[in-house]
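The structure under discussion appears below in the form of structure tokens.
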Amino acid sequence: MLHEFIDLNRHVIIARTRDRVRSRPWPSVGPGEVEHGVPLFLTQLAETLRLETTSVPFPADAIGAAAAHHGRDLLRSGFTVAQVVHDYGDICQMITALAVEQRAPISVEEFHTLNRCLDTAIAEAVTEHARGTAETRSAAEIERLGHSAHELRDGLNTAILAFHTLKRGAVAINGSTGAVLGRSLMTVREVIDRTLSEVRLEAGKQRRARLCVAAFIDEIAATGMLHSEYRDIRFTVEPIDPTLLIDADPQLLASAVMNLLHNAFKNTPSGRQVVLRARAEQGRLLIEIEDECGGIPLGKSGLFQVFGDRRGNDRTGLGLGLSIARKAVRAHGGDIRIRNMPGKGCVFIVEITLVAEACAPQARV
């Protein structure tokens, strides 16, 4: 019987399924998926098949209830819905392949039962996983909305106080109070830009256009210059090939690069330097933001996670900028990586595909 075959060959099925899971290019594989997910899936299927052979009344949707419970467990363990679906499918394929290989005496009815269990399990596990994800997201969105509202309120309150001080004429606009006003308004702008980017990413909406990289970087550099002045940081933009061209959503990609620039300014001490450069490499555009933060300390991880670790001592903001920046770049089919330079600083590198043909130099504005 199939459940006996599974019990007898459990270790072989697990080993082969783990190899298959590890070798697949997508979706990504988590350590818990390989060490715990595969055996749990197999145990669930074997138990369902065993109970189907007994005289004990066994409801047809029993594996669905078990799979729903499993879906909740996987969600808590950080598994994605794609991992749930692929793991169920991988295990069933390994069982079928091994049964054929060993010419095991398994009936067609048992294979039908296996496929029915697979369909039911996937449907219920995915449904429960989606439900749990929605509940978690709702709670997280409420928390994030509250944090953003507080961040906006704090920035506006500081800006209003600075404005009233300047209005009385007691201090000069180009002094410390003017700088406070400028920083506060920049903070408000960053929160709004970040929120708009997040909304568009969640909605899956992009407005792509063909952009000359040099002109795109020029616009970002103008805003970056203001940030650097308020923080007393030297800001350098290296010359860019005027023929480089990309297809991108200007607002989303600019928001991602500005988030990285703001992060660099925030973690670089006054008097030091931040460099922005863009160059082509093997058909890809590399936008690099190099700072002098001193390097990312050992033990810092999850810099791109929502509410993740911070690389410096500045705890202002929500820690969402890097997470949203990576989402925006990945929406363009690219990614962000970090080159750490201990004792000096680090380089955040945005990498996306270049358009084959070049833009005319006069397109730069």
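The values are calculated or read from the model by the stated rules, or taken from the named source; none is laboratory data. Quick caveat: nothing in here was measured; it's all calculated off a predicted structure. Please note: Cβ atoms are built from the backbone with ideal geometry, for glycine as well, and neighbour counts cover all protein chains shown. For accessibility, only protein heavy atoms count, side chains too; no ligands or nucleic acids. Shrake-Rupley method; radii C 1.70, N 1.55, O 1.52, S 1.80 Å.
Consider segment 6-41. How many of its residues are part of a helix (DSSP H, G or I), open to solvent by less than 20 Å² (accessible area, probe 1.4 Å) and modelled with pLDDT of 75 or more?
4
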For the condition of a type in the set (A, V, I, L, M), open to solvent by 40 Å² or more (accessible area, probe 1.4 Å) and out of contact with any Lys or Arg (no Cβ under 9 Å at 6 or more places or on another chain), what is the one hit in ALA264, ALA254, ALA222?
ALA222
Of the conditions (1) modelled with pLDDT under 75; (2) surrounded by fewer than 13 Cβ atoms within 10 Å (Cβ to Cβ), ARG103 clears all except one; give me its number.
(1)
What single numbered condition from (1) within 17 Å of PHE216 (Cα to Cα); (2) open to solvent by less than 40 Å² (accessible area, probe 1.4 Å) fails to hold for PRO239?
(2)
What's the total number of residues in segment 176-192 that are open to solvent by 30 Å² or more (accessible area, probe 1.4 Å) and either modelled with pLDDT under 75 or among the polar types (S, T, N, Q) (or both)?
6
Here the residues within segment 203-214 that are in contact (Cβ under 8 Å) with a residue 40 or more places away in the chain, under 25 Å from the mean Cα position of the chain (by Cα) and in a helix (DSSP H, G or I) are VAL213
